[in-house]
Amino acid sequence: MSKTQENLKAAFAGESQANRKYLAFAKVAEKEGKVNLAKLFRAVAEGETIHALKHLNNTGEVKDSIENIKAAIAGETYEVETMYPGFITQAEEESNGGAKMSFVGAKEVEKTHKAAFEKALSAVEAGKDIPEAQYYICGICGELFEGQVPDNCPVCKAPKDKFYQI
Ligand SMILES: [Fe+2]
Ligand SMILES: [Fe+2]
């Protein structure tokens, strides 16, 4: 990998993280009643997303939908089978309960993501779009629901009034 390719990946990671950090900072500003500061954080966050996407496009990692779904499945599989199990073990060793909870919850949701992408792949490989569906997200843990929603999130037990539609 060339140095510039490495730099593009690093810049994509940094700008992506800046985007999510500024959105988290905006929430704090809102809680503090500083609505204008919140707006500034959200405005700058938008710019960071534009930078992140430009860097990503220049890496060549954004391809057609068949390749993109395969990349998504590979990423979700890595998270479920390798990354989070290792992170969970490490968090246990370091008695970091908060980190462990965060990793365990994410690992469960990544399983749902993996399954959803695997289901999508066959339709897209057949040259079609996937069937229309209603998607809901658990606002507590990020679990994905398609169509009917349960009364409680199976991952974090949150009641369904915490879910929102995409
Ligand atoms: Fe995921
Ligand atoms: Fe949840």
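Can we say Ser102 is of a type outside the set (D, E, K, R), more than 23 Å from Ile69 (Cβ to Cβ), modelled with pLDDT of 95 or more and within 16 Å of ligand 2 (Cβ to nearest atom)? Before the answer, list the steps.
Details: of a type outside the set (D, E, K, R): yes; more than 23 Å from Ile69 (Cβ to Cβ): yes; modelled with pLDDT of 95 or more: yes; within 16 Å of ligand 2 (Cβ to nearest atom): yes.
Criteria met by Ser102.
Within 16 Å of ligand 1 (Cβ to nearest atom), surrounded by 15 or more Cβ atoms within 10 Å (Cβ to Cβ) and assigned to a helix (DSSP H, G or I): does that describe Lys119? So Lys119 fails the test.
Picking from residues in region 78-107 that are surrounded by 13 or more Cβ atoms within 10 Å (Cβ to Cβ) and over 18 Å from Val155 (Cβ atoms), the one that is nearest to ligand 1 (Cβ to nearest atom) is Tyr78.
Checked against the criteria, Gly75 counts as within 11 Å of ligand 1 (Cβ to nearest atom) and either over 26 Å from Cys153 (Cα atoms) or surrounded by fewer than 17 Cβ atoms within 10 Å (Cβ to Cβ) (or both). Criterion applied to Ala71, Ala91 was being touching an Asp or Glu at 6+ places or on another chain (Cβ under 9 Å), of a type in the set (Gly, Ala, Ser) and not assigned by TED's automatic domain parsing to the domain that holds Lys160, and the one residue passing it is Ala71. Inspect all residues belonging to region 56-63 and state whether any of them is out of contact with any helix residue (DSSP H, G or I) (no Cβ under 6 Å at 6 or more places or on another chain), surrounded by fewer than 16 Cβ atoms within 10 Å (Cβ to Cβ) and part of a helix (DSSP H, G or I). For region 56-63, residues out of contact with any helix residue (DSSP H, G or I) (no Cβ under 6 Å at 6 or more places or on another chain), surrounded by fewer than 16 Cβ atoms within 10 Å (Cβ to Cβ) and part of a helix (DSSP H, G or I): present.
Going by the conditions given, is Asp151 within 24 Å of Ile166 (Cβ to Cβ), modelled with pLDDT of 95 or more and in contact with a helix residue (DSSP H, G or I) (Cβ under 6 Å, 6 or more places away or on another chain)? The answer is yes for Asp151.
Would you confirm whether or not region 142-165 contains a residue that is under 18 Å from Asn68 (Cβ atoms) and part of a helix (DSSP H, G or I)? Outline the logic, then answer.
Keep residues of region 142-165 that are under 18 Å from Asn68 (Cβ atoms), which gives 144.
Adding the requirement that they be part of a helix (DSSP H, G or I) leaves none.
No, there is no match, as no residue in region 142-165 is under 18 Å from Asn68 (Cβ atoms) and part of a helix (DSSP H, G or I).
The values are calculated or read from the model by the stated rules, or taken from the named source; none is laboratory data. Not measured: the values here are computed from a predicted model. We place every Cβ from the backbone using ideal geometry, glycine too, and count neighbours over all the protein chains shown.
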